[in-house]
Ligand SMILES: *Cc1c(COP(=O)(O)O)cnc(C)c1O
């Protein structure tokens, strides 16, 4: 556990952007974490170095066969100036799950957690503290071996970069417009949909663009075989409240198991609100709407935490959910999770890790 992480210092510090200009993923802090893998040494040489461009051979395998995985989590500054990470062990566990599926050698999870803690601690002045802001943490791994044969790379680089991010919502939560995608698919059974690998995003961009052209914010993916069952939204899992009960698609191998999703399920159980993970057809959701039983729809993911859905379009029909208003349960979940993340409320489920 007492991992020695070398620190390579820089005197060239960037000026920090104003909170209003932050947006998402535009600015990066002064330092990053790097660790390399080679076949003979394994994962070795953990280092915190200045954030700087990489030098890679054009033949690096990641450019050709796409062995690339990532994670996303956030650090928050509390009113008292403490720094909290939200369930970082879960992200590191999932990083290893992604490693396993993409044939990347697994990491020592304690080393990665220690690396994230040391890096965030070094950069804590970069954590904005206005409502809704945070420091986004992006761990990722790429295959770096210079080789064009098709097999798993024998060299990798793990990096962790940090980006101060603004509030997802300007002002209060705003309902999103969702396009139910019935032409393209994101992930197939037996594929890589359940892990955070870059190719999943490459495969989703065209559908996202076409949905935006039609005035929608994001797409809702259906299963790849029958295009009948609901999977998830772009980078969020999805929940439906029907007649007082909450349902979300079960993790079937093509859906990404979100940490926010898990947090929502645990909180609902804790509150005694019925929640079920099961296969849900898009037809059933539209039928529930027509029967006046569809009360709320919301997405759950690290970026937005909870994102109420105000409109759903499927084929020729579009429905307005809850009068395009934020539902009570969506609001309650958003408040509860963000209050725990910001240390404003007792951390009843033991989710935060203080630096
Ligand atoms: C990251 C991600 C999510 C949300 O996961 P969180 O751990 O809650 O941030 C959902 N779907 C996809 C496809 C993702 O990549």
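The values are calculated or read from the model by the stated rules, or taken from the named source; none is laboratory data. In this text the structure is predicted, and so the values were computed from the model without any measurement. Glycine gets a Cβ as well: all are built from the backbone with ideal geometry, and neighbour counts include every protein chain shown.
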Only one of 276, 261 that is in contact (Cβ under 8 Å) with a residue 24 or more places away in the chain, in contact with a strand residue (DSSP E or B) (Cβ under 7 Å, 6 or more places away or on another chain) and surrounded by fewer than 18 Cβ atoms within 10 Å (Cβ to Cβ) | 276
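Among the residues of the stretch 308-317, is any free of Cβ contacts under 8 Å to residues at least 60 places away in the same chain and closer than 24 Å to residue 229 by Cβ?
Taking every residue of the stretch 308-317 in turn, at least one turns out to be free of Cβ contacts under 8 Å to residues at least 60 places away in the same chain and closer than 24 Å to residue 229 by Cβ.
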Could you tell me whether the stretch 11-24 includes any residue that is closer than 20 Å to residue 198 by Cα and touching a helix residue (DSSP H, G or I) at 6+ places or on another chain (Cβ under 9 Å)?
-> no
Yes/no for residue 281 being touching a residue at least 40 places away in the same chain (Cβ under 8 Å) and closer than 28 Å to residue 138 by Cα | no
Do we find that residue 133 is surrounded by 15 or more Cβ atoms within 10 Å (Cβ to Cβ), under 20 Å from the mean Cα position of the chain (by Cα) and assigned by TED's automatic domain parsing to the domain that holds residue 327 in this structure?
-> no
Go over the candidates 148, 135 one by one and state the one that is touching a strand residue (DSSP E or B) at 6+ places or on another chain (Cβ under 7 Å) and at pLDDT 95 or above.
-> 135
Which residue out of 317, 311 is closer than 21 Å to residue 242 by Cα, in the same structural domain as residue 218 (by TED's automatic domain parsing), surrounded by fewer than 19 Cβ atoms within 10 Å (Cβ to Cβ) and within 23 Å of the chain's Cα centre (by Cα)?
-> 311
For the stretch 181-201, indicate whether the set of residues that are crowded, with 20+ Cβ neighbours inside 10 Å and more than 21 Å from the chain's Cα centre (by Cα) is non-empty.
-> no
Hits in the stretch 1-20 (condition: surrounded by 10 or more Cβ atoms within 10 Å (Cβ to Cβ), assigned to a loop (DSSP other than H, G, I, E, B) and more than 28 Å from the chain's Cα centre (by Cα)) | 8, 9, 10, 13
